[in-house]
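The values are calculated or read from the model by the stated rules, or taken from the named source; none is laboratory data. All figures in this text were calculated on a predicted structure; none of them were measured in a lab. A quick note on method: Cβ atoms are made from the backbone with ideal geometry, for glycine too, and the neighbour counts reach across all protein chains shown. To get the accessible areas, we keep the full protein, side chains included, count just its heavy atoms, and leave off ligands, DNA and RNA. Shrake-Rupley method; radii C 1.70, N 1.55, O 1.52, S 1.80 Å.
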Amino acid sequence: GRQRYLQMEITTFADGDFLLFVRDVTRMLQLEQQRRDFVGNVSHELRTPLTVFKGYLETLMAAGDRFDPRFHKPLEQMELQARRMENLLDDLLWLSRIESVRSEKKTERVDIAGLVEELRDELAHSHPERVVALRLDTRDGVAGDYRELHSAISNLVLNALKYSPDDKPVLVHWRREGEELLLSVVDQGPGIEEQHLPRLTERFYRVDESRSSATGGTGLGLAIVKHVAASHRAELRIDSEPGEGSAFTLAFPD
Ligand code: ADP
């Protein structure tokens, strides 16, 4: 017959009795898969017209000095918005890809300290005005997927840079603590009020709509981080103090 997925939950009582709940979640998982496939397909389909659009726009921009100056601003805006749409589609595609990889075993050994060093060097080029400090207390790696971990960690660091003032450094700390390996990204930005924390990793959830869209984020960064964490059996912890800053920690079981 067809494969079915069951979810079980056991509640035990002091007198030794217990309750076993069994739920058939096959249909729910199918619907989830359909939703992911749909989002993935739509993102993929939208990229083709966008690429054509960008191509024509580049031609126009190249001829920019032959246009009346009042067209300069609209052209720049079109380019900016096309880039935003491209980022959004990239993030949507990436998210639907990592969501649909059913918790398959991660066997690659990822050198987190090395990954973070590489990321710091990339950021030295893209954000030369910012300080990204590293504290690497261990060289231990984790079993995982390099691309996924790179995207999660770079999302956290880019957020820290984006939401904190230019003159404040961002710290990346990699360490072993008891049974866990911890990667923290610490900033001295505005912090996040506690009431927002539970919803922060939802797709498109933003604390401050106007500020966030001005910074050009896609609203998908933390959703990506959460999924990467889950597929690595890691936990995402957020500690934040309004007015002081935030620390986002990925806690990997050892
Ligand atoms: P976005 O593209 O809007 O940055 P994210 O999913 O990465 O989307 O983040 C969701 C929201 O969480 C952001 O819009 C912002 O309000 C808040 N946020 C994320 N990281 C930080 C941070 N380091 N400091 C303050 N707020 C943050």
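So in region 184-198, with the set limited to residues that are within 11 Å of the ligand (Cβ to nearest atom), within 17 Å of residue 223 (Cα to Cα) and open to solvent by 10 Å² or more (accessible area, probe 1.4 Å), which one is nearest to the chain's Cα centre (by Cα)? The qualifying residue nearest to the chain's Cα centre (by Cα) is 197. Given the structure, is residue 238 open to solvent by 20 Å² or more (accessible area, probe 1.4 Å) and within 8 Å of the ligand (Cβ to nearest atom)? No; evaluated as a whole, the condition is false for this residue.
Scanning region 241-254 for residues that are out of contact with any Gly (no Cβ under 8 Å at 6 or more places or on another chain) and open to solvent by 30 Å² or more (accessible area, probe 1.4 Å) returns 253, 254.
For region 34-65, filtering for residues that are in contact with a Phe, Trp or Tyr (Cβ under 9 Å, 6 or more places away or on another chain) and open to solvent by 70 Å² or more (accessible area, probe 1.4 Å) leaves 1. Residue count for region 138-183 under the criterion of being polar (S, T, N, Q) and either in a loop (DSSP other than H, G, I, E, B) or open to solvent by less than 10 Å² (accessible area, probe 1.4 Å) (or both): the result is 2. Against the list (1) touching a residue at least 12 places away in the same chain (Cβ under 8 Å); (2) of a type in the set (Lys, Arg); (3) within 11 Å of the ligand (Cβ to nearest atom), the condition residue 139 fails is (3). Flag not set for residue 101, criterion: open to solvent by less than 90 Å² (accessible area, probe 1.4 Å) and either at pLDDT 90 or above or among the acidic types (Asp, Glu) (or both). All conditions in (1) outside any helix (DSSP H, G or I); (2) closer than 18 Å to residue 123 by Cα hold for residue 236, with the sole exception of (2). Suppose the filter is open to solvent by 90 Å² or more (accessible area, probe 1.4 Å), away from the ligand (no atom under 16 Å from the Cβ) and at negative phi; does residue 107 pass it? Taking the combined requirement at face value, the residue satisfies it. Reported count of residues in region 63-118, each being in contact with a His (Cβ under 8 Å, 6 or more places away or on another chain) and more than 26 Å from residue 148 (Cα to Cα), is 1.
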